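The values are calculated or read from the model by the stated rules, or taken from the named source; none is laboratory data. Model, not experiment: these values are computed from the prediction. Glycine gets a Cβ as well: all are built from the backbone with ideal geometry, and neighbour counts include every protein chain shown. What goes into the accessible areas is simple: the full protein's heavy atoms, side chains included, and nothing from ligands, DNA or RNA. Shrake-Rupley method; radii C 1.70, N 1.55, O 1.52, S 1.80 Å.
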Amino acid sequence: MPSTGHVAFKICEKFDRIGFDDVHKEHRLGIMGGTFDPIHFGHLVCAEQAREEFGLEAVIFMPAGSPTRKLKTYTASADHRFRMTQIAIESNPLFDVSRLEVDREGPIYTVDTMRVLRDHYPPNVKFYFITGADAIADVATWYGAEELARLTSFIAVTRPGYPFEAAQTAIQKALFDIRIEYLQIPELAISSTALRKRISEGHSIRYLTPDAICSYIEDNGLYYAEKSIER
Ligand code: ATP
Ligand code: MG
């Protein structure tokens, strides 16, 4: 883990100083975690709706560095996934992307990341970890979940095929408090898995992800075939 302590470690380009100049005002910072393999409109609408609805000052996208919760191997390298995320969000002045997890060697858990953020930002900055309804159902079983639940609130957004009720039942079984806000968003039945499958089968992914991401995938030959798998 990079050494912590105030501003010792760069979190991202645009929002490193949030909360430092007016320590008596509450600042809300959204964190959008994911593998982004590749990023698509489902991720983007999720972050934007959460930002607006909960008055988040900014959203930091946090591409995962290496598999932890997922038992699959990534099909694009961390650098490609970081770069695609960067390209997809660059037109939004309130979004940024962090290298925190991609630069780390070995597994990093969400709780590790949130600990680094907590050490970096002053206490008047409150965190909101944004997830889809599929991910929120598992949150109570994530590594270090109890500490994670102290470090951040969650915003769970609707995702087709994953009813909130299932997540709520799972969450109720937790023996500690988890602060979760539920948010209905315009639902997009888009997943990275489906995009990868479409590409490998030669189908179009246009309008499922920004044009610039379609071009990036094509230019770099990502996801086309088993032989292009990078680790
Ligand atoms: P994969 O199919 O590889 O799991 P994914 O589309 O689920 O990819 P992830 O990177 O796993 O994307 O997801 C990151 C976060 O974005 C998760 O919290 C997930 O629930 C959320 N998310 C992804 N797609 C959507 C969507 N279409 N609607 C709402 N939330 C989504
Ligand atoms: Mg997923």
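For E53, the criteria (1) open to solvent by 10 Å² or more (accessible area, probe 1.4 Å); (2) more than 16 Å from ligand 1 (Cβ to nearest atom) hold in every case but one, which is (2). Among the residues of the stretch 127-168 satisfying the criterion of being within 14 Å of ligand 1 (Cβ to nearest atom) and aromatic (F, W, Y), which is nearest to Q184 (Cα to Cα)? If we take residues in the stretch 127-168 being within 14 Å of ligand 1 (Cβ to nearest atom) and aromatic (F, W, Y), then F164 is nearest to Q184 (Cα to Cα). Residues in the stretch 163-192 that are surrounded by fewer than 14 Cβ atoms within 10 Å (Cβ to Cβ) and either touching a Leu at 6+ places or on another chain (Cβ under 6 Å) or not basic (K, R) (or both): P163, E165, A166, T169, Q172, L175, F176, D177, Q184, P186, A189. Within the stretch 183-204, the set of residues being among the hydrophobic types (A, V, I, L, M, F, W, C) and within 19 Å of C46 (Cα to Cα) comprises L183, I185, L188, A189, I190, A194, L195.
Only one of the numbered conditions (1) modelled with pLDDT under 95; (2) surrounded by fewer than 19 Cβ atoms within 10 Å (Cβ to Cβ) is violated by A76, and that is (2).
Inspect the stretch 167-178 for any residue being outside any loop (DSSP other than H, G, I, E, B), in contact (Cβ under 8 Å) with a residue 12 or more places away in the chain, out of contact with any Lys or Arg (no Cβ under 8 Å at 6 or more places or on another chain) and within 29 Å of K14 (Cα to Cα) and give the result as yes or no. For the stretch 167-178, residues outside any loop (DSSP other than H, G, I, E, B), in contact (Cβ under 8 Å) with a residue 12 or more places away in the chain, out of contact with any Lys or Arg (no Cβ under 8 Å at 6 or more places or on another chain) and within 29 Å of K14 (Cα to Cα): absent. Can you pull out the residues in the stretch 79-107 that are open to solvent by 70 Å² or more (accessible area, probe 1.4 Å) and small (G, A, S)? Once the filter is applied, which keeps residues that are open to solvent by 70 Å² or more (accessible area, probe 1.4 Å) and small (G, A, S), the stretch 79-107 yields only S91. So, of the residues in the stretch 200-226 that are assigned to a helix (DSSP H, G or I) and either modelled with pLDDT under 95 or among the basic types (K, R) (or both), which turns out to be most open to solvent (accessible area, probe 1.4 Å)? Here the residue is E226. When the stretch 18-44 is filtered for residues that are within 16 Å of ligand 2 (Cβ to nearest atom) and assigned to a loop (DSSP other than H, G, I, E, B), the ones remaining, listed by number, are T35, F36, D37, P38, I39, H40. Looking at this structure, is E146 outside any loop (DSSP other than H, G, I, E, B) and either within 16 Å of ligand 2 (Cβ to nearest atom) or over 22 Å from E26 (Cα atoms) (or both)? It is true that E146 is outside any loop (DSSP other than H, G, I, E, B) and either within 16 Å of ligand 2 (Cβ to nearest atom) or over 22 Å from E26 (Cα atoms) (or both).
Evaluated against (1) outside any helix (DSSP H, G or I); (2) open to solvent by 20 Å² or more (accessible area, probe 1.4 Å), P122 falls short on exactly one condition, (2). Can you confirm whether the stretch 147-159 contains a residue that is out of contact with any His (no Cβ under 9 Å at 6 or more places or on another chain), over 15 Å from T110 (Cβ atoms) and open to solvent by less than 60 Å² (accessible area, probe 1.4 Å)? Yes: the stretch 147-159 contains one or more residues that are out of contact with any His (no Cβ under 9 Å at 6 or more places or on another chain), over 15 Å from T110 (Cβ atoms) and open to solvent by less than 60 Å² (accessible area, probe 1.4 Å).
Evaluating E52 against the criteria (1) in contact with a Gly (Cβ under 7 Å, 6 or more places away or on another chain); (2) assigned to a helix (DSSP H, G or I) leaves one unmet condition, (1). Note on the stretch 147-173: residues that are closer than 10 Å to I136 by Cα, at pLDDT 95 or above and small (G, A, S) amount to 1.
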